[in-house]
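The values are calculated or read from the model by the stated rules, or taken from the named source; none is laboratory data. All figures in this text were calculated on a predicted structure; none of them were measured in a lab. Methodologically, a virtual Cβ is constructed for each residue, glycine included, from the backbone with ideal geometry; neighbour enumeration extends over all protein chains shown. Ligands, DNA and RNA are excluded from the accessible area calculation, which covers all protein heavy atoms including side chains. Shrake-Rupley method; radii C 1.70, N 1.55, O 1.52, S 1.80 Å.
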Amino acid sequence: MTSLRITNLSKTYPNGVKAMNDINLEISKGMFGLLGPNGAGKSSLMRTLATLQDADQGSIFLNEIDVIKHPEELRKVLGYLPQEFGVYPRITAEQLLDHIAVLKGISNKKERKELVHYLLQKVNLFDKRNKSVKGFSGGMKQRIGIAQALIGNPQLIIVDEPTAGLDPGERNRFHNLLADVGEEVVVILSTHIVEDVRELCTDMAIMNLGQIVYKGAPEDAVSELEGRVWQKTIARNEVEQYKAQYQVISDKMVAGKPVIHILSDEAPQDGFIAVSPNLEDVFFSKINLQPELV
């Protein structure tokens, strides 16, 4: 069974930023969500897993491949869609995939053409195969990005912030594509969008300030907060007052007024109502509250 094992992984940049601080994860095949705010260290971890940068210490194994010592072996079975997927300015979708297939060692022209046509159909872009990729919408570029990541039968696929900037229709199409891809291989979905993880992933981790602050199934994380989340609509000038008085998980505007969620084992007075927790509550509780309070 395919598995990725990350042990004691750390990285500090020359400017002193500790991007990864003793990260330990074991990830099995399927969709794995890596959730965290911008600046949490997710992209640093993804770039390290993709062998694009070195770690200061620690180990990474994909099955029997020692990724740190033999990065070239990992690259043979890696599919990678970075946060910024650049494309050549005057190249068609079919030419782009054919070029990447050559780079991945598929030398037989007939085999490449069959593979490229199969992938274009899989990502629903076959009818756009002769169009310039530069003119594609954001969602279409992401789909061609997934197609190139699938070349070479990868065992590990990494997608970094794949739905940022997509409209709801494109996001749904991309979700369906990822769910289809993620059945037989390890797929790591790195994102700050809670809905992506809730809708796609059976296992996840939350990362903040270079550390893993939660690892487990999304539904287990939500269950841990059952009966502990309370909600109230307040005035704008009351937000700081409530933050000083309660363990505020989050505050957001609803119909022009702040709605706060707090974490409390006891029913608070003051007009709060009990609400069923969701993954967003889990995320904000792990990010915004001290570990001993969660």
Given the pairs K113/K134; K113/K141; K69/K215; K215/K286, which span a C-alpha to C-alpha distance of over 23 angstrom in this model? K69/K215
Excluding residues fewer than 8 places away in the same chain, name every one of the aspartates and glutamates whose C-alpha is closer than 20 Å to that of K232. E240, D251, D265, E266, D270, E280, D281
Quick one: ranking H175, H117, H192 by accessible area, 1.4 Å probe, largest first, what do you get? H192, H117, H175
L177: accessible area at probe 1.4 Å, nearest 10 Å²? 10
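Dipole size in debye (nearest 20) for region 27-119 around its Cα centre, Lys and Arg Cβ +1, Asp and Glu Cβ -1?
Working: 12 positive and 11 negative charges, 63 e Å.
Around 300 debye, computed over region 27-119.
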Carbon plus sulfur, as percent of the 1.4 Å-probe accessible area of the chain, comes to 47
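For the full complex of protein chains and a 1.4 angstrom probe, list K113, K141 by accessible area with the highest value first.
Numbers: K113 115, K141 60 Å².
The ordering from most to least exposed comes out as K113, K141.
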Q83 versus N278, label points 7 Å from Cα toward the beta carbon: distance in nm? 2.5
Calculated Rg and Dmax of region 69-165 using C-alpha coordinates, Å: 13.0, 42
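Work out how much length E266 to S28 would gain on full extension: take 0.36 nm times their residue separation and subtract the Cα-Cα distance, in nm to one decimal.
81.9 nm is the gain from fully extending E266 to S28.
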Aspartates and glutamates whose Cα lies under 12 Å from that of K128, excluding same-chain neighbours fewer than 8 positions away: E94
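Give me the net charge of E226's neighbourhood, meaning all other residues with Cβ under 12 Å from the Cβ of E226; Lys, Arg count +1, Asp, Glu -1.
Numbers: positive: R228; negative: E219, D220, E224, D265, D281.
Neighbour charge sum, excluding E226 itself: -4.
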Taking the Cα centre of the chain as origin, work out the dipole magnitude from +1 charges on Lys and Arg Cβ and -1 charges on Asp and Glu Cβ, in debye rounded to 20. 1460
Which of the helices in the chain meet the span-like rule: DSSP H, Cα axial reach of 15 Å or more, Kyte-Doolittle mean at least -1.0? 93-103, 138-149, 168-181
Please identify the GluC sites (Glu not before Pro) of region 195-294 that satisfy two criteria: DSSP loop assignment and at most 10 other Cβ atoms within 10 Å. Which are they? E226, E266
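Output the peptides 149-159, 163-173 sorted from most to least packed, where packing is the average of other Cβ atoms within 10 Å over each peptide's residues. Present the calculation step by step, with values, prior to reporting the outcome.
Details: 149-159: 20.9, 163-173: 15.0.
So the peptides 149-159, 163-173, ranked by packing, come out 149-159, 163-173.
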What does the C-alpha gyration tensor say about the overall shape of region 193-268? Classify as rounded when a/c is under 1.5, otherwise prolate if a/b is larger than b/c, or oblate. prolate
Rolling a 1.4 angstrom probe over the protein heavy atoms, how many square angstrom per residue are accessible across region 118-241? 44
Accessible surface ranking that places the most exposed of S190, S223, S132 first, with a 1.4 angstrom probe: S223, S132, S190
Relative to the present Cα-Cα distance, how much length would full extension add between D180 and R90 at 0.36 nm per residue of separation? 29.4 nm
Share, in percent, of DSSP beta bridges within the chain that are antiparallel, nearest 5: 65
Considering the options G41, G30, I68, tell which one lies farthest towards the positive end of the dipole of region 26-88, charges being +1 on Lys and Arg and -1 on Asp and Glu at the Cβ, about the Cα centre. G30
Put +1 on the Cβ of every Lys and Arg and -1 on every Asp and Glu Cβ in the chain; which of N21, L120, Q231 then has its Cα farthest towards the positive end of the dipole? L120
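So, with +1 on the Cβ of K and R and -1 on the Cβ of D and E, and no other charges, what is the size of the charge dipole of region 227-275 about its Cα centre, to the nearest 20 debye? Intermediate results must be reported in sequence, preceding the final value.
Values: 6 positive and 6 negative charges, 45 e Å.
Roughly 220 debye, rounded to the nearest 20.
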Between K113 and Q241, how high is the FRET efficiency from 1/(1 + (r/R0)^6) when r is the Cβ-Cβ distance and R₀ = 51 Å? Nearest 0.05. 0.15
